[in-house]
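The values are calculated or read from the model by the stated rules, or taken from the named source; none is laboratory data. It should be emphasised that the depicted structure is a prediction, and the values quoted were computed from it without experimental measurement. Counting neighbours? That spans all protein chains shown, and the Cβs are built from the backbone with ideal geometry, glycine included. Side chains included, ligands, DNA and RNA excluded: accessible areas come from the protein's heavy atoms. Shrake-Rupley method; radii C 1.70, N 1.55, O 1.52, S 1.80 Å.
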Amino acid sequence: MIEGQKHRNGRRARLAAFGVGLALALALAAVAPPALAQDADAQRAEFLSLYQQILKNPTNVELTLRYARLGAQIGDYEASVSALERLLMYNPNLPTAEIELGLLYARLKSYTMARVYLEQAAAAPNASPEIRARAQDALAKVDRLSSPHQFAGEVELGVQYQSNANQTPGAAVPAPPGFTLPSIPFTRQHDGDVFLNAAGIYRYDLGNAESDTLEATGTLYESAFFRDSHLDLGIAEITLGPRLTLDRIGIEHATLRPYLMGTYVTLNNNSLLWGGGAGIELAKTFGWGTLARLFYEHEERGYFKSSFDPLATQLNGNVDVVRLTASQPIWDFSTLDLLLRYVHEKTRFSFDTNNQYRIQASYSIRYGGLLDPPGVARPWETVLEVGHDWTPYDAANPAINPFVKRSDRSWFFGASEFLHVNKWLAAGIGIERQITSSNLGNFSFNNTTATFSVKASF
Amino acid sequence: MSARRIAITACTAVSLLLALPGAGLSQTVGVTGAVNPSTSGTPPGATVRELGIGNDVVFNERIATTATGQADILFLDRSALTVGPNSDLVIDEFVYSPDTGTGKLAASATKGVFRFVGGALSKNPDSVSIKTPAAIVGVRGAVVLLVVNANGGGTLYLLYGDQASVSSAGGHVDLRRRSWAIDIGPDGSIGNPHPADPAALQALLALFKGTGNGGASPPPTEQNLAGGPALFIDDDIDANQIDLRNYLRSLDKFDIYLIEKLHKTRQPVIVICRDCG
């Protein structure tokens, strides 16, 4: 009776926490946009009105500049190009107009055009030293961005504290009928660790008319625990494959990427598993700015026996993953990310074979406030996350309970706050709560993680 | 009905007709936003006129420039067509519905250099086309440069945007890569897309720089522009790097927990197995 009530209370608490988290995320997502939508409508109306005024008075420089500026703000870049080019018909010696055109074309990834205008601005006899310096600086960036070799990445280094670092159940394992279970050797243990979480991408432009590229990605995670090195985890993953544009078959702003992938994981500084497989990704950017990516991956996995887990090879098998992600910018300072994922993990024994279904959402918003570092617009970033996993197993494990097939459910809640010190560096704190319940009590556990980290983006 | 009443009715009807968009006999498609002499316009059925700044450009009007002539036509849909020196072009068709942003813009270019900057119409497929002696150029949400040689051949440059295309008896080729070009042979043969030659682009852009004051009096000066706020800050270019960052495969921390969970919680099970076995 008391156990049942505790269970109900725990469930209520979890649902309440979920409700609060979701309400916060939705409130933040919902409050800002209506006001901004009005601003956008007003900007659009002003933009159209300006054009009508320009039709009546095309040589009005002030109108033309306002129109160009507003065009860039609302994403009508052609309007900005047209307005600035017209100024050069009135007077060909306007290095300011040329540098703006160069920067505009650079932002639009038309680098040859950008270079032409920037070089003209830098060489103009009447260019001010500031204009020349800006042009030279932009030319250096254009050279870097127009190189066929492109790199980008993120490196996060931090410390974190986990309330249940070994993720053991808080309650005693219920013994199935007819079985006498030994006591679990592990007890719940809090611990802290230093971690490194890094991801990089290298893209090589194949130089064809379709803008196809060859793309390699790398991911690395390493953690070192302060008290119990058995918990140290290392994960490395690489993928390699071409990214082919689909405009050639009439699908605009879409790419297809077949790739090979490899995974290597260590636990307690010993090899735990390796994986090798292939995947295919379909990515498409929609007109309203959504980047949607659909993945299918198949990976064969082999485990290494160790004194820590001498039966690890019974997990040998393969993993199939179908993943859909969507990233929706909401204005220029917030993003809503959604994830739907299905994972089928097939192992040697059906009681280890499972399906995992995940739904996850996160919302990040950038804003300015107190203690803003100079030169950084909207340096503060709040990220809220919520996710749910359901993992049913294919068969009952006779060693645990021969009559009950394991089924786990997990809720994830996360909130973090980052301060962007400059374009490349941010520092932040975060807290995550993971609540996992299983119909087999020895797989239920809760864990709270508090993190402080520094993140570099390049 | 008295003659006076008939006259009033007729005048009212004509006024109403003229007030309807596109109902005028010589439908206005836009105005000249910049003009350097000598540039002439020939409306259909009318005599040649010297174009000046702010003149209406009408449907089926022929625009021709001399060696120093230039004209920038601002269309009602916010498209802009710049006609370079020694060029000849006719606005064949212009239909635009401001409410839906749909319609059609078609022109014929017989010689010269042209720059087209898309407006509302070009955002729709198959809505903007420029006919040359050897081929038809289509523009979709783009900024293009078009060179039409005296022999009818030419080159199409995609400066920015989604797509430009060339169609002729020789086939159809799409151009989707910015700062790339397609050559068109006088016989309609279409070459493969290739990177634009920067020197050629520079020379072409020079043809669109004002040979005079473009009709602006006084013309804008560098001081006028330099005093105002910058339209774009050069740091914006770095945003291109963020586009690439969107394709990172970052590890989700919840996935890390799951991997930890699988193996950290697995150990008791192994112990149970052993003892049970």
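Checked against the criterion of being open to solvent by 10 Å² or more (accessible area, probe 1.4 Å), under 29 Å from B:Asn240 (Cα atoms) and modelled with pLDDT of 90 or more, the candidates A:Glu85, A:Glu46 yield just one match: A:Glu46. The residue that is most open to solvent (accessible area, probe 1.4 Å), among those in the range B:235-249 that are at pLDDT 80 or above and either within 7 Å of chain A (Cβ to nearest Cβ) or touching a His at 6+ places or on another chain (Cβ under 8 Å) (or both), is B:Asn246. In the range B:203-220, the count of residues that are touching a residue at least 40 places away in the same chain (Cβ under 8 Å), in contact with a Gly (Cβ under 7 Å, 6 or more places away or on another chain) and among the polar types (S, T, N, Q) is zero. A:Leu260 fulfils the conditions (1) touching a strand residue (DSSP E or B) at 6+ places or on another chain (Cβ under 6 Å); (2) surrounded by 15 or more Cβ atoms within 10 Å (Cβ to Cβ) except for a single criterion, (2).
Based on what the data block shows, is B:Leu204 of a type in the set (A, V, I, L, M) and under 25 Å from A:Glu62 (Cβ atoms)? Against the criterion (of a type in the set (A, V, I, L, M) and under 25 Å from A:Glu62 (Cβ atoms)), B:Leu204 does not qualify. Answer with yes or no whether A:Gln189 is within 7 Å of chain B (Cβ to nearest Cβ), in contact with a Lys or Arg (Cβ under 8 Å, 6 or more places away or on another chain), at pLDDT below 90 and surrounded by 15 or more Cβ atoms within 10 Å (Cβ to Cβ). Criteria not met by A:Gln189.
The strands (runs of 3 or more DSSP E) falling completely within the range B:78-139 include none with 3 or more residues that are hydroxyl-bearing (Ser, Thr, Tyr), within 13 Å of the chain's Cα centre (by Cα) and crowded, with 19+ Cβ neighbours inside 10 Å. Give me a count of the residues in the range A:231-267 that are within 30 Å of A:His190 (Cα to Cα), without any contact (Cβ under 8 Å) to a residue 60 or more places away in the chain and within 9 Å of chain B (Cβ to nearest Cβ). Number satisfying all stated conditions: 5. The condition of being touching a helix residue (DSSP H, G or I) at 6+ places or on another chain (Cβ under 8 Å) and among the acidic types (Asp, Glu) holds for only one of B:Asp187, B:Asp183, B:Asp174, that being B:Asp174. Taking the range A:301-313 as the range and being buried (at least 17 other Cβ atoms within 10 Å of the Cβ) and not hydrophobic (A, V, I, L, M, F, W, C) as the test, the residues that pass are A:Arg301, A:Tyr303, A:Asp309. Restricting attention to the range A:435-458, the residues being farther than 26 Å from B:Gln241 by Cβ, at the interface with chain B (Cβ under 10 Å from one of its Cβ atoms), of a type in the set (S, T, N, Q) and not in a loop (DSSP other than H, G, I, E, B) number 5. With respect to being at the interface with another protein chain (Cβ under 7 Å from one of its Cβ atoms), farther than 30 Å from A:Val159 by Cβ, buried (at least 18 other Cβ atoms within 10 Å of the Cβ) and at pLDDT 90 or above, B:Pro198 falls outside the description.
Condition check ((1) over 30 Å from B:Ser165 (Cβ atoms); (2) within 19 Å of the chain's Cα centre (by Cα)) across all residues:
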| residue | (1), (2) |
| --- | --- |
| A:Tyr259 | yes, no |
| A:Phe286 | no, yes |
| A:Gln314 | yes, no |
| A:Val322 | yes, yes |
| A:Asp332 | yes, yes |
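Exactly one residue out of A:Thr263, A:Thr239, A:Thr217 is part of a strand (DSSP E or B), within 18 Å of B:Leu251 (Cα to Cα), touching an Asp or Glu at 6+ places or on another chain (Cβ under 7 Å) and hydroxyl-bearing (Ser, Thr, Tyr), and it is A:Thr263. The condition of being at the interface with chain B (Cβ under 10 Å from one of its Cβ atoms), more than 30 Å from B:Ala164 (Cα to Cα) and at pLDDT 85 or above holds for only one of A:Ala209, A:Ala199, that being A:Ala199. A search for C-beta distances below 7 Å between a residue of the range A:273-298 that is closer than 18 Å to A:Leu338 by Cβ and any residue that is open to solvent by 30 Å² or more (accessible area, probe 1.4 Å) and assigned to a loop (DSSP other than H, G, I, E, B), counting only pairs 6+ apart in sequence or on different chains, returns A:Lys284/A:His253; A:Thr285/A:His253; A:Leu291/B:Asn246; A:Ala292/A:Phe286.
Residues that are polar (S, T, N, Q), more than 24 Å from A:Thr391 (Cβ to Cβ) and either in contact (Cβ under 8 Å) with a residue 60 or more places away in the chain or open to solvent by less than 50 Å² (accessible area, probe 1.4 Å) (or both) within the range A:413-458 comprise A:Ser416, A:Thr451, A:Ser453, A:Ser457, listed in sequence order. Quick one: is B:Leu20 surrounded by fewer than 10 Cβ atoms within 10 Å (Cβ to Cβ), more than 27 Å from the chain's Cα centre (by Cα) and at pLDDT below 90? Judged against the criteria, B:Leu20 is a match. Applying the criterion of being in contact (Cβ under 8 Å) with a residue 40 or more places away in the chain and open to solvent by 40 Å² or more (accessible area, probe 1.4 Å) to the residues of the range A:323-348, the residue that is nearest to A:Ala415 (Cα to Cα) is A:Leu336. Pairing each residue of the range A:64-76 that is on the phi < 0 side of the Ramachandran plot and of a type in the set (Ser, Thr, Tyr) with any residue that is open to solvent by less than 30 Å² (accessible area, probe 1.4 Å) and part of a loop (DSSP other than H, G, I, E, B), provided the two are 6+ apart or on different chains, yields C-beta distances under 9 Å for A:Thr64/A:Pro58; A:Thr64/B:Pro220. Taking the range A:299-320 as the range and being touching a residue at least 40 places away in the same chain (Cβ under 8 Å) and assigned to a strand (DSSP E or B) as the test, the residues that pass are A:Asn318, A:Val319. Under the condition of being more than 7 Å from chain A (Cβ to nearest Cβ) and surrounded by fewer than 18 Cβ atoms within 10 Å (Cβ to Cβ), the residues counted in the range B:202-216 number 2.
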